[in-house]
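Read-outs throughout are calculated quantities, based only on the coordinates presented, and are distinct from any laboratory measurement. Everything quoted here is computed from the prediction, not taken from an experiment. With ideal geometry, Cβ positions are generated from the backbone for all residues, glycine too; neighbour counts draw on all protein chains shown.
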Amino acid sequence: MKENARHIAKGLWILSLILISTCAAKQLIDPTPLRPLKGAFTKADFPSFSWSKWIDGSYQHKFEKACANNFGFHTLFIRCHNQWNFSIWRKPRVKKVTIGKDGYLFEQVYIDGLLGTDYNPRKYNFDRKKKNIKSAYENLKADGQDVVFCIMPGKAFIHPDKIPDPTRSIPEKNMHTLFMDWANKSQIEVIDFQQYFVENQDNIPYPIFPKLGIHLSKYAESIVLDSMLRYIENHFDRKLYDYHFSETTISDIAQGRDQDIGNALNLYFPLEKESLAYRNFKVDSVYSENPNLLVIGDSFYWGLYALVLNNNLFPHHEFWYRNHNAFPDKHRPKEKESKAQRAIRCIETFDMTIILLTSVGLDDAGWGYFDDLAEYYEKKQ
Amino acid sequence: MVFSSILFLLYFLPIFLVVYQFLSKTESKNLWILLASIFFYSWGAPWFVFILISSTILDFHLVKQMYNCRDLVIKKRWLITSITLNLGLLAYFKYSNFFVENINSFLTMMDFQPMAWIKVALPIGISFYTFQTLTYSIDVYRGVSKPLQKVSDYLLYIMMFPQLIAGPIVRYNLVADQIKARQEKYDDKLNGIFRFSIGLAKKVLIANQIGTVIDPLFSDISSLNTGMAWLVIMAYAFQIYFDFSGYSDMAIGLGKMMGFKFPENFNSPYISKNITEFWRRWHITLGNWMKDYLYIPLGGNRVSSTGRLYFNLGFVFLMSGLWHGASWNFVLWGVFHGSFLVLDRLFLIKLNAKFGGLFSIMFTFTLVVLSWVVFRLEQMDDIFLYYQKLFNFSGWEITTIGGAFWITFCSAILFSFCTLSRNVRVVEQWMMNTPKKPIGMILQFIGTWAILLICIATLSTSDFNPFIYFKF
């Protein structure tokens, strides 16, 4: 081989060694990831070594996972790969997310709800649950506590023209209609935001759902908050607080969760920006002897929770996320409560309970809350 | 640890190569390869590594005794002892479960109490390990090669991480001289990493992508119609080819980076015109091993009757099937191929020739695809159901397959059959061999890094990464 070619070969080989060592070197020198990933994922940490773990292979298994999750530049590799899948195959690498028309992203569950592909009355827990809901609802009312359901809209119900195949026929019956028929017959109080937004979307000047988000836009959230607070005031038939919303501003910088699915895609290039409306919630005064409020809800309540809590609108306010963890932390009991203890605390503490959930999750309304209460009342009798 | 894992690609390999680069003497390089190989093997089989090392050391001394012995009878006894040791390990770890399960089935059928038995775990790569140790003792016995002087060199030959787990089966006489002294060239190393990246792409970008789609379909055979059944088994044919040949490419490439020349294991097997040719192109090192260490000792072609010749062929393929796995489906797979080898000799090659090359290739490919059903499905009920689905013409609608799969599937077809073109074969030769001109080196370097970056990006988001041939 000629001397020149030999030098080139040597140079390229040394360069190859440097390149192949770069990721490990980056992790050693600076383990903080470039452009950290967003969304829900579990990152594996490096395990501690022990001979027993080595012999049974669990150490190696965990170590390999940790390497795959932490190697230098891994976030850039993931973003590049996701970008390729998104741009070429229109495939989001986020579980249960679907790309719709005109850049709209959807959670598949809302499309299924709209198209009725999940509609199977026998499958619904709701048929088994409604007896407990009714019984607990009436018993709570007898104990002086009111319960109201707030039904949040699913994105596909507001933008049926933006789902991937908008020509598919939309059935008349779905979980929402089933629930509303039953609630009307059973005289259960419901604030149906789904129906409100579907009927009034042409009159609302700003997007109800952001293109790249799962949840209501900040602007639509402010409408929900306003309606909820007014409902509570009307219900207790007295003035509870004075508040107003600041002037609406338009911004293409997404605030809060307005781009939550878009961020979770973890793409290399940013997605097209969208102009959204924002207005601030300002509380002028809170009157005394306001009721204590319990909200049992899903992720749609997080945006409202911060506003309600930060402005001290209720002397005692708790948010039970899917009837599981209680927020804020200060209200979490130090020791684990039994179902009965929890029921008693709930009856004694709160004046009103709001069950806030989306239209496709109504088959599990309350996430077991009414079952526990019904059991408590049954035993009590 | 598999080659297509982040741990291997971005941690093990860089550390190994960088240290290797700084070592100058062959002895120290060999020692480093051995240490890395022990670590590599113990990562996946932490307890079996002790058995592997001790049996290898014992075998080294047995073969040394055999070589030093002048009495032919005693020499043969040493050989038999060495073979018994190696085959005994294989029999115990790979076949004892199968043997006991069948005995127990028979006992249960006869209303007897089945034997109590704790299942033996199969250590990775034991089949390849056994075949390599056998070549060492038999080659030394035959006088093809002299035994190694140092036990560490023998351990290196047996345990070298590129080929220990899934081949290619490197015969002792092929690498004996390379272990003692080898010439390392930078252009070979560059071609080695290029070859490695091609193997990685075959595995990560084709085999894994196909596997992700078809694996769930194999677990629900009853839902397949005829069209889907054909598509899925054809896709499996490409999956196993790109998986296994990709692994072989990676092993050969790694060997080149260290200065070793390992034998080729595949040569476009799906363009074969008959099953006999297929076995000259598919898993070449296994076919050659079977020929030299089993078929020829049985008498090979030089036997008194054609009946004996057919028996030899059938027996070799029965053994080949069993080598792949201790299960009746692998025996059937071996019988399937053995039968067509006999039919080739009887009339099939001549008959195919009358219909032309393209027909022969399509016919042979169809036979091979049909044989993969038996290879892929372990349960006899599933195998019969699958053949039923293939031939009951229950519909041709292809559903539940996404667009990306079709691109991968078509690429697999293209890469499997493109070597029918002479021009492509020229390109393939260029890729497989070390370029002599700087422009060739630069092109291979750019190709290497483009492929490696795509593969790393794919691996970083994928959990699906099993190697099919690891279980053998």
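Among the chymotrypsin sites (Phe, Trp or Tyr not before Pro) within the stretch A:1-84, which fall in a DSSP loop and have no more than 10 other Cβ atoms within 10 Å of their own Cβ? Filter output for the stretch A:1-84: A:F49.
Under Stokes-Einstein, with the Kirkwood radius over Cα pairs standing in for Rh, what whole-number D in µm²/s applies to the stretch A:63-199 at 4 °C and 1.567 mPa s?
Numbers: Rh = 18.4 Å.
In µm²/s, the coefficient rounds to 70.
For chain A, the residue among A:C150, A:A374, A:S58 whose Cα projects farthest onto the positive side of the dipole built from Cβ charges is A:S58.
Averaging Cα coordinates gives a centre for the stretch A:125-165 and one for the stretch A:250-265; these two points are 28 Å apart.
Quick one: longest stretch of chain A between exposed loop GluC sites (Glu not before Pro), exposed meaning at most 16 other C-beta atoms within 10 Å and loop per DSSP? Maximal segment without exposed cleavage sites: A:1-171.
Which of A:C150, A:C80, A:C67 moves the most in a Gaussian network model of chain A with Cα springs under 10 Å? Looking only at A:C150, A:C80, A:C67, the biggest GNM fluctuation is shown by A:C67.
Quote the charge dipole size of the stretch A:1-74 about the Cα centre in Debye, to the nearest 20; the model charges only the Cβ of Lys and Arg (+1) and of Asp and Glu (-1).
Numbers: 10 positive and 5 negative charges, 45 e Å.
Charge dipole, the stretch A:1-74, about its Cα centre: 220 debye, nearest 20.
Structural size metrics of the stretch B:6-181, computed from C-alpha coordinates, are Rg and Dmax of 19.0, 67 Å.
In a reduced charge model with +1 at each Lys and Arg Cβ and -1 at each Asp and Glu Cβ, the stretch B:187-471 shows a dipole moment near 1140 debye about its Cα centre.
Among the trypsin sites (Lys or Arg not before Pro) in the stretch A:1-104, those located in a DSSP loop and surrounded by at most 16 other Cβ atoms within 10 Å of their own Cβ are A:K2, A:K38, A:K43, A:R90, A:K95, A:K96.
Count the DSSP beta bridges whose two residues both fall in the protein assembly as shown, then state the antiparallel fraction as a percent rounded to the nearest 5. Bridges in the protein assembly as shown that DSSP calls antiparallel: roughly 40 percent.
Put the Cα centre of the stretch A:29-75 next to the Cα centre of the stretch A:363-378 and the gap is 41 Å.
When only alpha carbons are used to place a centre, the stretch B:242-273 and the stretch A:202-239 end up 64 Å from one another.
Note on B:Y67/B:F39: beta-carbon distance plugged into 1/(1 + (r/R0)^6) with R0 of 35 Å gives a FRET efficiency of 0.70. When exposed loop sites are taken as GluC sites (Glu not before Pro) in a DSSP loop with at most 13 other Cβ atoms within 10 Å, the longest stretch of chain B clear of them is B:1-377.
Tell me the Kirkwood radius of the stretch A:192-279: reciprocal of the mean inverse pair distance over distinct alpha-carbon atoms, in Å. Value: 14.6 Å, from the Cα pair sum.
Could you tell me which residue out of B:F375, B:S245, B:T276 lies farthest along the dipole of the stretch B:187-471 toward its positive end? Charges go on the beta carbon: Lys and Arg +1, Asp and Glu -1, centred on the Cα centre. It is B:T276, whose Cα lies furthest towards the positive end. Label sites at A:K379 and B:R77, each approximated as a point 7 angstrom past Cα along Cα to Cβ, lie 8.1 nm apart. Each residue, B:I15 and A:Y287, gets one label point 7 Å from its Cα in the Cβ direction; the gap between the two is 7.1 nm. To the nearest ten degrees, helix A:126-142 and the longest principal axis of the Cα atoms of chain A are 50 degrees apart.
Value of Rg to Rh for the protein assembly as shown, rounded to two decimals, is 1.06; Kirkwood radius and Rg both from alpha-carbon coordinates.
One compactness figure for chain B is 1.01, namely its Cα radius of gyration divided by 2.2 N^0.38 Å. With each label modelled as a point 7 angstrom along the Cα→C-beta vector, the A:K95-B:M431 pair spans 3.7 nm. Helix A:339-349 versus the longest principal axis of chain A: what is the Cα-based angle in degrees, 0 to 90, to the nearest 10? Orientation of helix A:339-349: about 60 degrees from the principal axis. Among complete DSSP H helices in chain B, those whose alpha-carbon atoms stretch at least 20 Å along the helix's long axis and whose mean Kyte-Doolittle hydropathy reaches 1.0 are B:48-68, B:72-90, B:328-343, B:357-376, B:403-417, B:438-460.
Do any chymotrypsin sites (Phe, Trp or Tyr not before Pro) in the stretch B:102-183 lie in a DSSP loop with no more than 15 other beta carbon atoms within 10 Å, and if so, which? The qualifying sites are B:F112, B:W117. In degrees, nearest 10, range 0 to 90: what is the angle between the Cα axis of helix A:58-70 and the longest Cα principal axis of chain A? Between helix and principal axis, roughly 90 degrees. The magnitude of the dipole of the protein assembly as shown, with charges of +1 and -1 set on the Cβ of Lys/Arg and Asp/Glu and taken from the Cα centre, is near 4640 debye. Looking at the stretch A:97-380 alone, DSSP beta bridges between its own residues are antiparallel in about 40 percent of cases. Counting charges near A:K10 (Lys, Arg +1; Asp, Glu -1) among other residues having Cβ under 10 Å from its Cβ returns a value of +2. Work out the FRET efficiency for B:V335 and B:R308 from their Cβ-Cβ distance, taking R0 = 22 Å, and round it to the nearest 0.05. The calculated FRET efficiency here is 0.80. Using a/c under 1.5 as the rounded threshold, could you call the stretch A:147-253 rounded, prolate or oblate? The axes a ≥ b ≥ c are square roots of the C-alpha gyration tensor eigenvalues, and prolate needs a/b larger than b/c, oblate otherwise. It comes out oblate by the Cα gyration axes. Taking the square roots of 5 times each eigenvalue of the Cα gyration tensor of the stretch A:97-380, largest first, gives ellipsoid semi-axes of 31, 25, 17 Å. Along the Cα-to-C-beta direction of B:Y293, a point sits 7 Å from the Cα; which residues of the stretch B:113-133 have their amide N less than 15 Å from that point? Only B:125-133 fall inside the zone, counting backbone N under 15 Å.
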